[in-house]
Amino acid sequence: MTVTSAANHAVVRRGDDAIAREIIANRLLAIADEMGIVLARASMSPVIYEVLDFACGLTDAEGRLVAQSNGITVFTGMFSDQVRFLRRKFAGRIREGDVFIMNDPYEGGTHTADVCICKPVFSGGEVLAFAVAVAHWSEVGGKVLGSLSPDSREIFEEGIRLPGLKLFDGGVRQDAVFEMLAANVRLPRMSQGDLNAELAAVRIADDRLAETCAKYGAEVVRATFAELQEKSAAISRAAIAALPDGAYEATDVIDGDGLVDEPIHVQVKVTVRGEAMEIDFTGSAAQRAAPINCSRSGLGSAVRAVFKAFAGPHQPSNEGWFAPLTITVPDGTVFSAQKPAATGWYFESTAHAAELVWKALAPLVPERFSAGSYASLCGTYIAGHNDKTGDTFVHLEPQHGGWGAGQSADGTGGLIALMDGDTYNHSVELVEAKTPLRIRQYGLDVEQGAGAGRQRGGFGLVREFEVTGAGTFLYASYGRSQTPAWGQDGGADGGTNYIELIRGRDVRRITRTPTIPLEPGDRIRIHTGGGGGWGDPKARAPEAVLADVRNGYLTAAQARAAYGVEIRGNAVDAGATAALRGAA
């Protein structure tokens, strides 16, 4: 490697330099993280800057993911699909200075609210990479404020659909596209702000990649892209090869679709053959005339997230991890919906797809997978008139809940669902400062409890809002409302998700509901389920049961009934416990 001075910085000339490629690989991750920081700081929607409902990343020139920020897990497989769609649509017409916008669930997206901004990055007159930012906009039009009504039957009810358009063509701003967006959303200032934040994110990526190429050379950057893929693919193949060949199956039900309450059957078969894995959803229910469907890209992201948890949970994500993975599903299922099916609440079906694969693999790889979790994002919208500001507001947030127990550890309580990744809900202070809402209660839902087991499930949460202003309404869609989180290896099932709408002395239980008008003083009490337990509850260490009683997680009566542990005073009665467990 030789170094020469040029324009006050070092220009590195090297051939095959492993050190340079390692530096570049880490620099790519830093670029993706910087994109996320820029997007969060510049956005105007609390769901972006507070909840962090976005993801940023880079692909190579062919659309293969090479780096991604922490963020929404379900975006893991989207970037590649979206870039490949744009490459097909604009073949021969992608120019330096172009920026694209899209949100079509049937061309690599999830639902209309997740808006993708994509910028090709050039070096030496050729496409080197694509910078991608996807963020959830609070408003994209549609039949209801917030855009995603739980009773939509077709995608046309879910807001403006952007089929891959140029926002900038060769660097020239396409004013007509900006005007069209502003005219079709209820919160144009907020949506414009979020759009500008995404533009800033992809532009900073362009700048940082240009700096990287100036220092190391475009060919070494391309070689780094390829090496990342090859190394990750090798790790995945080795992880699969360590498993016994065979077919591993799981079934589940989705609790209604928002229009009907009937259970919806879903299933998966995971087949391991040598260094390859096939995940097959054949036999799952047909797509619904309701918005819980997901498209193939959503399914692919869900499966990839779980596969990554198996093959390499701690390493950065890129396309190479998924080289030995095949996903099979016929057209027209709830996991592979076809136009014009609604997909607004796609995260309900992707959550079940992920849980199915998780459930199939848990007995096979117990050191990596837990019992069942509360699963559903429990998406909750409270929207309408904000009498504090005189403006229209949309408060939307996912809810946290209980995860299943592991083979050697209790489940985690109050953690965001698998498919939402590195995200949060809103802080109490922000909610009360910016919306006509007051949070009256927020804590572990010990009353509902969690799945008993040698290792117990994590607890769900209870979060209660009080409406303080007029002109607001609620809508939501909660899965796992009837079928609890599954236990593993003899562990008990966990809890379920639901809302209690309290008006005076009237308490109404709801799970999937279109808009409900609210009145000042109404309380919205959200319950998320606890995770499933792992192993025989009677095998749980009595000291662990005692600790749960002392912490207020269990009563003495529950300790006796579920675990066969007798608590007297502030201690375990060893003789009575032995008798209880012997009788069991």
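The values are calculated or read from the model by the stated rules, or taken from the named source; none is laboratory data. Computed from a predicted model, the values in this text were never measured in an experiment. So basically every Cβ, Gly included, is an ideal-geometry build from the backbone, and we count neighbours across all protein chains shown. Please note that ligands, DNA and RNA were not included when accessible areas were found on the heavy atoms of the full protein model with its side chains. Shrake-Rupley method; radii C 1.70, N 1.55, O 1.52, S 1.80 Å.
Probe of 1.4 angstrom, ligands and nucleic acids ignored: what's the accessible area per residue over segment 370-448, in square angstrom? Each step should come with its number before you reach the end.
Working: 2950 Å² over 79 residues.
Heavy-atom accessible area per residue stands at 37 Å².
If you count only protein heavy atoms with a 1.4 Å probe, what accessible area per residue comes out for segment 248-307, rounded to a whole Å²? Walk me through the intermediate numbers first.
Values: 2060 Å² over 60 residues.
Dividing the accessible area of segment 248-307 by its residue count gives 34 Å².
Cβ under 13 Å from GLY532's Cβ, GLY532 left aside: what net charge do those residues give with Lys, Arg +1 and Asp, Glu -1?
Details: positive: LYS359, ARG454, ARG456, ARG480; negative: ASP252, GLU355, ASP410, ASP489, ASP493.
Result for the neighbourhood of GLY532: -1.
Counting protein heavy atoms only, segment 54-131 has 40 percent of its accessible area on carbon and sulfur, 1.4 angstrom probe. Note on segment 352-485: with charges restricted to the Cβ of Lys and Arg (+1) and Asp and Glu (-1), its dipole about the Cα centre is near 320 debye.
Where the only charges are on Cβ atoms (+1 Lys, Arg; -1 Asp, Glu), what is the dipole of segment 388-437 about its Cα centre, to the nearest 20 debye? Mind dumping the intermediate values first?
On the way: 2 positive and 7 negative charges, 22 e Å.
It comes to approximately 100 debye.
Other residues lying with their Cβ under 10 Å from the Cβ of CYS56 contribute a combined charge of -3, Lys and Arg counting +1, Asp and Glu -1. Residues whose amide H lies under 5 Å from that of SER481, counting only those 5 or more places away or on a different chain, are ASP255, ASN497; hydrogens are built 1.01 Å from N in the peptide plane.
Could you tell me the center-to-center distance, by alpha carbons, between segment 468-510 and segment 334-392 in angstrom? If you average the Cα positions of each part, the centres end up 14 Å apart. Rounded to the nearest Hz, the phi-derived 3J(HN,Hα) couplings of segment 526-543 under the Karplus curve 6.51 cos²θ - 1.76 cosθ + 1.60 (θ = phi - 60°) are 9, 10, 10, x, x, x, x, x, 10, x, 4, x, 6, 8, 5, 4, x, 5, where x marks glycine and proline. Highest-first packing order for the peptide set 66-73, 245-252 is 66-73, 245-252, based on the mean count of other beta carbon atoms within 10 Å.
For the residue pairs LYS269/LYS359; LYS231/LYS308; LYS269/LYS339; LYS89/LYS166; LYS269/LYS308; LYS89/LYS308, alpha carbon separations beyond 20 Å are given by LYS269/LYS339; LYS89/LYS308. The accessible surface of segment 345-447, taken with every protein chain in place and a 1.4 Å probe, is 47 percent carbon and sulfur.
Ranked from highest to lowest mean number of other Cβ atoms within 10 Å per residue, what is the order of the peptides 189-197, 565-573?
On the way: 189-197: 19.2, 565-573: 16.1.
Packing proxy ranking, top to bottom: 189-197, 565-573.
Along the axis of the charge dipole computed for segment 183-234 (Cβ charges of +1 for Lys and Arg, -1 for Asp and Glu, origin at the Cα centre), the listed residues ALA226, ALA201, ASN184 are led at the positive end by ASN184. Taking the Cα centre of segment 282-349 as reference, the dipole from Cβ charges on Lys and Arg (+1) and Asp and Glu (-1) amounts to some 40 debye. Would you please name the GluC sites (Glu not before Pro) within segment 317-383 that are DSSP coil residues with at most 15 other C-beta atoms within 10 Å of their C-beta? Those that pass, being in a loop and sparsely packed, are GLU367.
Couplings 3J(HN,Hα) for segment 401-417, derived from phi with the Karplus relation 6.51 cos²θ - 1.76 cosθ + 1.60 (θ = phi - 60°), are x, x, 9, x, 5, x, 5, 10, 7, 5, x, 8, x, x, 10, 5, 5 Hz, where x marks Gly and Pro. Between LEU162 and ASN103, ASP104, the built amide H atoms are under 5 Å apart, and every one of these is 5 or more places off in sequence or on another chain.
With both bridge residues required to lie in the chain, what share of the DSSP beta bridges run antiparallel, to the nearest 5%? Numbers along the way, then the final one.
Values: 94 of 99 bridges.
Given both bridge residues lie in the chain, the antiparallel proportion sits at roughly 95 percent.
Roughly how many percent of the accessible protein surface of segment 533-584 is carbon and sulfur, given a 1.4 Å probe and a whole-percent answer? Show your work: numbers first, answer last.
Values: 1410 of 2550 Å².
Carbon and sulfur: 55 percent of the exposed surface of segment 533-584.
How far is the Cα center of segment 120-141 from the Cα center of segment 555-575, in Å? About 58 Å separates the Cα centre of segment 120-141 from the one of segment 555-575. Taking the helices alone, the chain has a mean residue ellipticity at 222 nm of -9500 deg cm²/dmol, built from -39,500 (n - 2.57) per DSSP H run of at least 4 residues and averaged over all its residues. Less than 15 Å Cβ to Cβ from ARG568, Lys/Arg counted +1 and Asp/Glu -1: what total charge do the surrounding residues give? With Lys, Arg at +1 and Asp, Glu at -1, the neighbours total -1. Could you derive backbone 3J(HN,Hα) for segment 94-106 from the dihedral phi with the Karplus parameters 6.51, -1.76 and 1.60 (θ = phi - 60°), listing whole Hz in sequence and x where the residue is Gly or Pro? Those phi angles translate into 8, 10, 4, x, 5, 9, 10, 10, 7, 8, 7, x, 8 Hz. Ordering of 408-418, 132-142, 534-544, 91-101 by packing is 132-142, 408-418, 534-544, 91-101, highest average first (other Cβ atoms within 10 Å, averaged per residue).
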